[in-house]
1. How much of Thr800 can a 1.4 Å solvent probe reach, expressed as accessible area in Å² and rounded to 10?
2. Given H placed on each backbone N at 1.01 Å, which residues far from Ser808 in sequence or on other chains put an amide H within less than 5 Å of it?
3. What ³J(HN,Hα) values, in whole Hz, does the Karplus curve 6.51 cos²θ - 1.76 cosθ + 1.60 give for region 75-86 when θ = phi - 60°, with x put for Gly and Pro?
4. Would you work out the charge dipole size for region 271-315 about its Cα centre, treating the Cβ of every Lys and Arg as +1 and the Cβ of every Asp and Glu as -1, and quote it to the nearest 20 debye?
5. List the lysines whose alpha-carbon lies under 27 Å from that of Lys260, not counting same-chain residues fewer than 8 positions away?
6. Students often check this: by mean Cβ neighbours within 10 Å, which of 685-694, 747-756 ranks highest, and how do the rest follow?
7. Full-extension gain between Leu247 and Ser842, please, as 0.36 nm times their residue separation minus the C-alpha to C-alpha distance.
8. Starting from the residue with the highest accessible area, list Leu360, Leu147 in decreasing order, probe 1.4 Å.
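The values are calculated or read from the model by the stated rules, or taken from the named source; none is laboratory data. It should be emphasised that the depicted structure is a prediction, and the values quoted were computed from it without experimental measurement. For neighbour counting, all protein chains shown are included, and Cβ atoms are generated from backbone atoms with ideal geometry for every residue, glycine included. Side chains are part of the model used for accessible areas, which takes the heavy atoms of the whole protein and leaves out ligands, DNA and RNA. Shrake-Rupley method; radii C 1.70, N 1.55, O 1.52, S 1.80 Å.
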Amino acid sequence: FGRTSRGAGGGDHYVRISSRRGRSAAAGEVASRRTKTVMQTSRPVFNTERMAFVVPHYGAEYKLEVVDADTDSPVGTAFLSAQGLLHGQRDAMLTGGPVRLLLGLLGSTPGPRRVRLELRTGVRTGFGLDYYASPGTSGWVEVDVRLLEDASLFWSASPRRCPPRDGEDFDVALIQLHIARIGRLYEDVARVAGAYVYVVSWESRELTSVSLVIFLYTCLRFNMEYIGSLPVGTLVLYMVYLAYLRLSGHFKERWTDVEKLALIKRESKVNMNQSIYRPLGLLRVGDLRGRNIRSRDLGLPGSFYVSILYDPARYADARASSELANVDVSSGCAHEIGSTVSPGITASPEWNSIEDSAELTHVKHMLPNITDILDHTRHEAAGSMGGSERKSSIGYPIPTPITERVREVVMASDNEPATNTRLSLLPWEESHGAVVLQVKYTEVLSSFFDNVLGEVVIPIAKLVGSGNKGVEGWFRVLEAGTKDCIPGDEPESPRSAPDPAGDGDAGSYQRSSSSGKGTAPPIEHPQVHVRVNFSPTVIAGDSALQKSDIEASKVICEEMARTASGKQSSGGSVIGSSLNTINTVRTLGGNLQNQLAFVVDLVEQGRNAFNFSSPQITIVLFVCLLALWSILATIPTRIIVLAVGLVQYSATFYSKFFYKPKRTVRNTSDEVDKEVTGNPLENLCLSIPTDEDLRRTYFWEAKREGERERKKLAAAKRESRLEKLWKTQWHGTLKIKRNDPDTSLWRWESAFALIEGHRFIWWKSEKHFDTGEASEGSLFFAGHAGLSGLSPLDLRELPTGDIPSVVSIFGRGQQGQQKVTCLAPDHTAKQTLENAVIFASSDTKAD
């Protein structure tokens, strides 16, 4: 475990195990049990006696907490579920060899299985979806665990009733989860239909030819008297294929590869956007002021701010928006450029301070020279605006829009015409994008309601049409989602400004100054003054800078695509804000949610009964289907249908005319027996795992697979960025010495560092560098800078084995002269780093 109340690596710990009576919050937790306390170690071994728990139903959940005994606060939380434990035992049985498999199928009781569980931090309850939303880990715990099923539930003539899973409290996340499960079922059906279409579509000539021969043989030679054996025989063959997948481990891959396949799919879309070089344009917005900005309901001044957005598809209709989303992932949402700081409560605010958005901040961190480019263009933009007083402004690079157009018709190898569809650049004049200024409230209550007062929309196409003059003037604040751009009223002393429509006329209409008796007072529309300038190209396109230009375009496209993907995956999580609406939804929605969960669980359990999720049940079902197929293949189907029909009619005839039921006195014990006695088939259905049970069982393994795939994909992009954009002399992973001012202790912390020009910069990890997070620190090699030897204090503190790989670097830091002590991974990395530091510190320095 990590640091506890007694400092790094120490502390007293014990394990607390608890469960929930039901899934609802009102059910509470069952009284917990705990181990003994182990003193003074970060790797405690709890040699305690075995704990036995009665599992009430197949949806039971158990929480394991490693607790710091000094503060009685959890160090980390692990989670166990009944279906997760059972499925782990089934996987161990299937991978343990033929003997273990045979014993498991015969019902042999397995021994305790040792599992390693990650201890998650930041969990609230530790049950349900809350555990799977935990942000990090604090260590791990190993536990020997075994779950025994009561065999009499399934094979007894009068088994006790297995309780169904408890209902959950209403939760929007659960509603979304069930809708996603329905979507996955639909995708499976669509996949089966797609496979059928592929078989008969001659895409694979060999496969379609074989299927045609089988179809013709079946129709011409097969005896239709035995038609009933065909669907059953097909199902038996398919179950044999599913058994092969289960034994070979491919069944597990369906769940563990979810994250990896989703990442690959997203990367393929991003790579499609980057398959063509998209020159960057620069959008600059500034000089933001307001007039008549009041609340719509009461007409009172308030505290307002402006959120500046770039919407790539604002002027695209439904069809064009769908086509644009297929070729450009970044067009799936509006991208926030920045937001102003509220000047206080006023109806005529002047927003003189603009803060970068998180997306723009990431872009600046990923591109080393983008800040210089934005500042350079900023001064050029100010000059092109006629030399007016320049107020605070913000710049944002946007890639040229793309489209998928049919370029030409070529002849394929089989002399059939085929279209060659490729991506091409769309002229800026045909862009569907727009600059959107959202005027928003900053009051505390606005977080519960829609806090958008209105929007001002300026199309990119009009900005391009205005040339280098840009657009400046007052614009009316319209309803959110508008596509109109209406100039506002001129103030009493109007300033000359270019026409927002780009035709060179005045930016707003002149109003008649004549006044007279009976003239109605003018309507005071809310208005915003803005100055917008757009430069179609930011970075020069000569051959010397071509590689860096292309790489910068790729980085910006990737960041915009990642932002769009994140917003799409998290969208739709907000429901109505009215408190009465929420109470109504909690009452009615809870029942609807649980009914929806019951139906989806039933469908998934019915399907999983055939795919060996529970091998013992599927084997029994397979034997029954095999026997049914043998009967249908031996006896004509019409005879079997005749026999079944006659049995049905005979049973109803007997019960109608000959059967006389005996009258018995009911007592309370009969009702009790009815409650206790269950149905073996119902118990079997309840024991089959759902798709959600399997997803949660393999959830963290799928996360790890996705992280490995992410690292593999990020490594190639990182090397390209470091070579073409950063032009580093050295980069790599190392450890940096950190001193804790509270405890006077130190520790090694992993970091990713590079040397660019005369700077030594480091991040917390490679992932932080890849995603554009801010660096943790930097040193500038100016004046007295370079390598330094180890001080006597370093020699005393550092372990003897680390000293040969330690590198000390000093230079000008954020707080003056600073020294950083690094631990290289090996001697070769140390030598390479030292050579790079010597070269960077001895090279000619810029002023």
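1. Near enough 120 Å² of accessible area.
2. Ser788, Cys822
3. 7, x, 10, 10, 9, 10, 10, 4, 5, x, 5, 4
4. Approximately 120 debye in magnitude.
5. Lys252, Lys269, Lys554, Lys567, Lys703, Lys711, Lys712, Lys717, Lys764, Lys767
6. Details: 685-694: 20.4, 747-756: 18.7.
Final packing ranking: 685-694, 747-756.
7. Length difference between fully extended and current span is 207.9 nm.
8. On the way: Leu360 0, Leu147 25 Å².
The ordering from most to least exposed comes out as Leu147, Leu360.
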